Amino acid sequence: MKFFQKEIRLQSFSRGFHLITSEVINAIPEINQIKLGQLQVFIKHTSASLTINENADPTVRTDFESHINVLIPENQSYYKHTFEGPDDMPAHIKASLLGTSVQIPITNGKLNLGIWQGIYLCEHRNRAQGRLLVLTAFGN
Amino acid sequence: MKFFQKEIRLQSFSRGFHLITSEVINAIPEINQIKLGQLQVFIKHTSASLTINENADPTVRTDFESHINVLIPENQSYYKHTFEGPDDMPAHIKASLLGTSVQIPITNGKLNLGIWQGIYLCEHRNRAQGRLLVLTAFGN
Amino acid sequence: MKFFQKEIRLQSFSRGFHLITSEVINAIPEINQIKLGQLQVFIKHTSASLTINENADPTVRTDFESHINVLIPENQSYYKHTFEGPDDMPAHIKASLLGTSVQIPITNGKLNLGIWQGIYLCEHRNRAQGRLLVLTAFGN
């Protein structure tokens, strides 16, 4: 049983949805030593999130940002947690709805994603430093 | 440490929420060789998703479809990714909110689900071919 | 390869979002025997859920409850699954959007959470008994 773990800091991303599949794979090349297993990508923050979605047309990612802002708008009268700015509380809610980690099968040394699937970093704050990820790969 | 992995194609499902617990269990009977572990079900698509919810009353699944269409409607003026039809971009957003995988504890050779829990295939497109799943079971 | 599993019942919580990080860690001290690994917390119910979010200001948790009730309101005319009360069907939908499990990296015998991250029990029913959790820790 093999277990590999890396902690990396991404570059800063603007608010929105961003493909990071290559950054993740390049940071943990030990995946190629695993015949059957899993890779987890975990984000150590509560106002940014991770998801898997289409890796091709960039307007998919623009539309994600447009619609998530409709679902979880800023400046709702009932928000009490407002001292970090109007984008903060919506960022927390978006992060929990999209999720803090993705876990992906590894098959024959590679991530076993569908051909249209990529990993998204979802940045929900207007300004944020590069986000910390923990990458954990394991298997036989 | 045991690791088993299968790739299966489900039958085609209509748009909506469908119980697939039996299909999953039948496809990976090696679960019964695992005393303590986990099973992951991963979907290799970006317009269908997986979740765990009530396995009994079918109106729960109907109500899921009704409400998710209210949360993520078609034909929003701000959608740019429209060339695959009005159901496509909403399908991507639904898929990321519900999730691409479920991971379930295995205890004494069986999935350790609550008595009311089942695995749902959530089909978000009006028409789709059978979806590909990767099943990964591991443990001692 | 080490594998530990515990099943615990939480105290009853009121409807809303509640920090349970300490309860989880105290229930599975074997985490400290794992150098590299993962902990999964899985909830065996379909009307309560688990997520990771801010562990500090309690108004974050109040605002989660306020906004999730706007996203998934009670008494929608199209709900068919109504015989368990008006809070039941919304509870199912909330549970699937937030998720049935969280999976967290273990590093050097401790959960590798960000400094602001904690585990939330999200209780979506007006009244519920203590919820069952399955805790699964594994690694080298």
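The values are calculated or read from the model by the stated rules, or taken from the named source; none is laboratory data. Because the structure is predicted, anything quoted here is derived from the model rather than measured. When we count neighbours, we look across all protein chains shown, and the Cβ atoms used for this are built from the backbone with ideal geometry, even at glycine. What goes into the accessible areas is simple: the full protein's heavy atoms, side chains included, and nothing from ligands, DNA or RNA. Shrake-Rupley method; radii C 1.70, N 1.55, O 1.52, S 1.80 Å.
Between B:Lys35 and A:Gln11, the FRET efficiency from the beta-carbon distance, with R0 = 51 Å, is close to 0.70. Toward the positive end of the charge dipole of chain C, with +1 on the Cβ of Lys and Arg and -1 on the Cβ of Asp and Glu, the farthest Cα among C:Ser49, C:Ile25, C:Leu36 is that of C:Leu36. One way to sum up the overall shape of the stretch B:91-140 is the equivalent ellipsoid from its Cα gyration tensor, whose semi-axes run 26, 13, 10 Å, largest first. Element breakdown for the protein assembly as shown at a 1.4 angstrom probe: carbon and sulfur atoms account for 50% of the accessible area. Straight-line reach from B:Lys94: which aspartates and glutamates have Cα under 12 Å away, leaving out those fewer than 8 places along the same chain? Hits, sequence-local ones excluded: B:Glu65, B:Glu74, B:Glu123. The residues of the stretch C:20-58 occluded by other protein chains by 50 Å² or more of accessible area, set against the chain on its own, are C:Leu36, C:Gln38, C:Phe42, C:Lys44, C:Thr46, C:Asn53; surface from heavy atoms, 1.4 Å probe.
Computed over the alpha-carbon pairs of the stretch A:53-133, the distance histogram in 10 Å steps reads 14, 40, 31, 12, 3, 0 percent, short to long. Considering only the Cα atoms of the protein assembly as shown, their convex hull presents on average a projected area of 17.8 nm². For B:Lys2, the lysines whose Cα comes closer than 25 Å to its Cα, not counting residues fewer than 8 places off in the same chain, are A:Lys2, A:Lys6, A:Lys35, A:Lys110, B:Lys35, B:Lys44, B:Lys110, C:Lys2, C:Lys6, C:Lys35, C:Lys44, C:Lys110. Put simply, the convex hull of the Cα atoms in the stretch B:75-119 casts, on average, a shadow of 4.7 nm².
What angle, in degrees between 0 and 90 and rounded to the nearest 10, separates the Cα long axis of helix A:58-71 from the longest principal axis of the Cα atoms of chain A? Taking the Cα atoms of chain A, the angle to A:58-71 is about 50 degrees. Shape of the stretch C:9-59 from its Cα gyration tensor (a ≥ b ≥ c, root eigenvalues): rounded if a/c is under 1.5, otherwise prolate when a/b > b/c, or oblate? Prolate, because a/c is 1.5 or more and a/b exceeds b/c. The dipole here belongs to the stretch A:28-98: it is taken about the Cα centre, uses +1 on the Cβ of Lys and Arg and -1 on the Cβ of Asp and Glu, and is about 300 debye. In nanometers and ordered shortest first, the copy-to-copy spacing of the A:Glu30 label point, defined 7 Å from Cα toward Cβ, is 2.3, 2.3. For the pair the stretch A:83-133 and the stretch C:103-131, the centres of their Cα atoms are 18 angstrom apart. Sum -39500 (n - 2.57) across every DSSP H segment of at least 4 residues in chain B, then divide by the residue count to get the 222 nm mean residue ellipticity, nearest 500. Calculated mean residue ellipticity at 222 nm is -7000 deg cm²/dmol. When the surface is traced with a 1.4 Å probe over the full set of protein chains, C:Asp57 keeps roughly 40 Å² accessible.
Computed over neighbours whose Cβ is under 9 Å from that of B:Arg15, the net charge equals -1, Lys and Arg +1, Asp and Glu -1. Keeping all protein chains in the complex and leaving out DNA, RNA and ligands, what accessible area do you get for B:Arg15 with a 1.4 Å probe, in Å² to the nearest 10? Its heavy atoms expose roughly 60 Å² to the probe.
The residues packed around C:Asn140, meaning those with a beta-carbon under 13 Å from its beta-carbon, carry a net charge of +3 if Lys and Arg are +1 and Asp and Glu are -1. Rg/Rh for chain A (Cα atoms only, Rh after Kirkwood) is 1.02. Each residue was assigned an accessible area with a 1.4 Å probe, and for A:Ile115 the value is about 140 Å². Compared with the dominant principal axis of the Cα atoms in chain C, helix C:88-98 is inclined by about 40°.
Just to confirm a number: summing +1 for Lys and Arg and -1 for Asp and Glu over residues other than A:His124 whose beta-carbon lies under 10 angstrom from that of A:His124, what do you get? Its environment carries a net charge of -1.
Taking label points 7 Å from Cα along the Cα-to-Cβ direction, A:Lys110 and C:Asn126 give a separation of 5.5 nm.
With a Förster radius of 22 Å applied to the C-beta separation of C:Asn140 and A:Asn26, the computed FRET efficiency comes to 0.40. Remark: relative contact order (chain C) = 54 percent; criterion is Cα-Cα distance under 8 angstrom and separation of 6 or more residues. Scanning chain A for the Cβ atom closest to the axis that brings A onto C yields residue and whole-Å distance A:Met1, 2.
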